[in-house]
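The values are calculated or read from the model by the stated rules, or taken from the named source; none is laboratory data. Just so it is clear, the structure is predicted and the values come from calculations on it, not from any experiment. Heads up, the Cβs are rebuilt from the backbone with ideal geometry, glycines too, and the neighbour counts pull from every protein chain shown. Side chains are part of the model used for accessible areas, which takes the heavy atoms of the whole protein and leaves out ligands, DNA and RNA. Shrake-Rupley method; radii C 1.70, N 1.55, O 1.52, S 1.80 Å.
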Amino acid sequence: MEKQEIIKTLKMDVEIPEIVQDRAEDAFDRIRAMHKGQGGERERYGKDTEVRADGRRERQEDRTERNSEGERVGRKRGSDRKPGLFLKRAAVVLTAVTFACAGITAAASYFRWSRSMEEGMQVTEEQKIQLEEEHAVAFAMQECTKQGVSIIAEQSITDHYFSHIVFRIEGASLPDGAEPAFERINISVDGTDDFNWTAGFYDGLIVGQDGRPAYADGTPIDFESDERIEKFVRDDGSMEYAITLSCHDKGGFIDKNIHVELVNLGTVAKAEYLDTLVEDTWSFDWNLQGKDSTEIYTLQASLGDTGATVTRAELSPISIYVEYDFPMKEVTEEGINQDGEVFTARTFAEPPMLAGVKLKDGTLYPYLMEGGSMGYEEDDLGTYTVTLSTNRVIDVEQVESLLFIKSWPDGRGAFTEENLYLVPIG
């Protein structure tokens, strides 16, 4: 299809302003001049890689278990961690013209957002426009086809600490009731892998405002019947695979060259890789674009009688960074191991956990935060820092307060302001 025909087709759905049409002309000119490239296969796993019970793969150094009331009951690893070791906890998020195992980076405001990015992060039309204008969102437009299965690096959204990357899979046949998975994922940024990541296929479920899983259209799941419908395959037969990268140091991903290998498409069940449907490696190389859209706040907010004082916060549309004045203090905790046995462990006190935000219109998002990192810096055992991604895009200008957990709701109740410390910002 010639570029003029593509522009004409797009204008049938939405009137394209002249400035946007100029950007489209430029984008398609660059597509015509694209270069081809294909990376070689690397036979190694990402370090500290785990397959979670929900089939998502993640790399991390430490995770904390909690009981049904949300209390810490023991650590899977790192319970005897030493001072100075920064805790890293990994989470957890367009097609115009593509070519096999080749591509360019281009962005124009008419590109279609991926389903997992738009639905999964609950992005409004206004937020889409803002993120595109700020160049926080990029459309990689790179495709690799092996054995009839095409995988397209569709879209990314990147700030100083995190990058959400979405791939679309076409041409694969998934058995009824099966959950898709890649046997192995290799990722490097500027030739290194000094970061954490988590990845998984989008299943059409989101985090509801009450913190419980819900369908993307907002319909709650009927937990009384203990059933939920996970929809990995779209009506057009495609699937989407989302990877989230996280780092502690600022600027770890913006304008960096990324290499991704997706190895062997198959199925997973009960955290165990089962069968390979297509044995091959899909490789991608491109420059990861993004934007530091961070607002910085200097604070001096004490969190009750916990001894923690919030001194600094950084907010972007997809992450929140917080510093506490909270000198390290060793404590003893009782936990329960996998055999149900009670044990005692020495660990370090933690300040009230960052939970989310309150908007200026009164809306509470107390289940906003996902994976990231938290702990003390090696050279500063008096400042505790937290860097977490959000499970939805937030409008930073509309944030009134940060929310920190004071107490856990009873039973299945949702957080209210009585359960939270509110720290006004601005």
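With unit charges on the beta carbon (Lys/Arg positive, Asp/Glu negative), name the residue among I318, N337, G304 whose Cα is farthest towards the positive pole of the charge dipole of region 304-367.
Value computed over the given set: I318.
Suppose all protein chains stay in the model; what accessible area per residue would a 1.4 Å probe give for region 331-424, in Å²?
47
E170 accessible area, nearest 10 Å², 1.4 Å probe?
70
Distance between Cα centroids, region 208-261 to region 382-408: provide it in whole Å.
20
I need the shape label for region 339-426. Rule: rounded when a/c is under 1.5, else prolate if a/b > b/c, else oblate, with a, b, c from the alpha carbon gyration tensor.
In terms of gyration-tensor shape, oblate.
Extending each Cα 7 Å along its Cβ direction at M353 and K329, get the distance between those two points in nm, one decimal.
In this crude spin-label approximation the distance works out to 2.0 nm.
Per 0.36 nm of contour for each residue apart, how much would the distance between E397 and A178 grow if the chain were fully extended, relative to their Cα-Cα spacing?
This chain segment gains 74.6 nm when fully extended.
Starting from the Cα gyration tensor of region 164-212, take the square roots of the eigenvalues, sort them a ≥ b ≥ c, and report rounded, prolate or oblate (rounded when a/c is under 1.5, otherwise prolate if a/b is larger than b/c, else oblate).
Since a/c reaches 1.5 but b/c is at least a/b, the shape of region 164-212 is classed as oblate.
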